[in-house]
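J.: Got a structure for you, written out below as structure tokens; questions coming shortly.
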Amino acid sequence: MTTFNFYCAGVYEGKIRFTDTKVMHAKVDTRRRTQMQEHVLDDRAKYVLPLQKIHENLSLYRKAEWSGDRVIVDNGETYHRHLTYSDDQGRTSQVWAKRGDTAVDIVTLDGDIIAFLCPNRYGMELIVQEGLEKLTPLVVYDDPLLSKSEYGINDLGTFLIPMRDGLRLATDVYLPEGIKPGTRLPTILIRTCYDRNGKKENLIRWANKGYAVVNQDVRGRADSEGELVPFYYEREDGSDTIDWIISQDWSNGDVGMWGASYLGYVVMAASTSGHPNLKAVVNEVNVGSPFVDTVR
């Protein structure tokens, strides 16, 4: 049996234990950050890291000889020598990058496996043997410029926010649990056409790090009113949503947005509104071209 600490985007999410036949998961309560008892991993768990597949192949990974520049596991998977990490005890680990398939990288120390990780756009997911975190890519979250994971998540529920034409958009709000009463917070806004519930477990982790998180269905999608006309309303709806955010008693008036694909387009559209409270944006793999398919 092997037990690992589980981290998602630098946030501790409990413990994973591999038995001979099962994957066990001891979750952390989302709001209070209480360590819960372990249960068999739910097949519906929405993690990027393929825990069941790791479990199925664990004996093969352990059998492999982690040396040289390339390792081929008996199941055909190929790994190349990649980064190294050192700690204050003089130990140095080795990251092995998987090639030819979805990245599920392996970290070894003196030839023994200590961690598995999967980078993704929502933040790296990683399991690591307790006490060896400093020998893994988790150290990127130690950057003093990054907000630390210090809070639980307070789910305020769903609000129907009116736009300038009266239509209402379904909007979920999450605040850091444990902040002092009256604290005003910067907000990260996500607007999606793919149902706000689909990736919320990944997105709300910004609340663990001290931000208010606002997650919204664009008009005509999931629980929002109206009809989806792709791209057409996103500038005005984004601006109106920011107006609503800054009017809330938990807002400090600063709003940032993140999005990829269509979510990236709505970020760009909101940016063109010139809203003075939109302070920062991250726009990934956006659709169209700034020279042809411009924002209306």
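No value in this document is a laboratory result; all are computed from the given coordinates. Here the structure is a predicted model, which means the values were calculated and not measured. Glycine gets a Cβ as well: all are built from the backbone with ideal geometry, and neighbour counts include every protein chain shown.
J.: Tell me, what is the FRET efficiency for Ala26 and Lys180 to the nearest 0.05, using R0 = 35 angstrom and their Cβ-Cβ distance as r? List each step's numbers first, then the result.
T.: Working: r = 30 Å, r/R0 = 0.86.
After rounding, the FRET efficiency stands at 0.70.
J.: When only Cα pairs under 8 Å and 6 or more residues apart are kept, what is the percent relative contact order across the chain? Each step should come with its number before you reach the end.
T.: Numbers: 611 pairs, mean separation 35.8, N = 296.
Answer for the chain is 12 percent.
J.: Please figure out what share of the DSSP beta bridges in the chain is antiparallel and state it in percent, rounded to the nearest 5.
T.: Details: 55 of 71 bridges.
Here the antiparallel bridges make up roughly 75 percent for the chain.
J.: Next question, about the same structure. Which order do peptides 181-192, 35-46 fall in by mean Cβ count within 10 Å, highest first? Provide the component values of the computation, followed by the final result.
T.: Working: 181-192: 18.5, 35-46: 11.2.
Per-residue mean Cβ counts within 10 Å order the peptides as 181-192, 35-46.
J.: Add -39500 (n - 2.57) for each DSSP H run of 4 or more in the chain, then divide by its residues: what number comes out at 222 nm, to the nearest 500 deg cm²/dmol?
T.: Values: 5 runs with 45 residues, N = 296.
When only DSSP H runs of four or more count, the value is -4500 deg cm²/dmol.
J.: Continuing with the same structure: Using only Cα atoms, locate the centre of the range 142-201 and the centre of the range 208-267, then give the distance between them in Å, rounded to an integer.
T.: So the two Cα centres are separated by 10 Å.
J.: Also, I was wondering about something else. Can you work out the Karplus-derived ³J(HN,Hα) for every residue in the range 150-161? Use 6.51 cos²θ - 1.76 cosθ + 1.60 with θ = phi - 60°, whole Hz, and x for glycine or proline.
T.: 10, 10, x, 10, 9, 7, 7, x, 9, 10, 9, 8
J.: Another one. Beta carbons within 10 angstrom, averaged per residue: use that to sort the peptides 166-178, 72-84, 213-225, 239-251, highest first. It would help to have the intermediate numbers written out before the result.
T.: Numbers: 166-178: 19.5, 72-84: 14.0, 213-225: 21.4, 239-251: 17.3.
Listed from highest to lowest mean packing, they are 213-225, 166-178, 239-251, 72-84.
J.: Separate question: May I ask you to compute the full-extension gain from Tyr122 to Ala103, defined as 0.36 nm times their residue separation minus their alpha-carbon distance, rounded to one decimal in nm?
T.: On the way: separation 19, 0.36 × 19 = 6.84 nm, distance 1.42 nm.
Stretched out fully, the Tyr122 to Ala103 stretch lengthens by 5.4 nm.
J.: If you compute volume of the Cα convex hull per residue in Å³ for the structure shown, which of (1) 159; (2) 144; (3) 176 do you land on?
T.: Here the calculated entry is (1).
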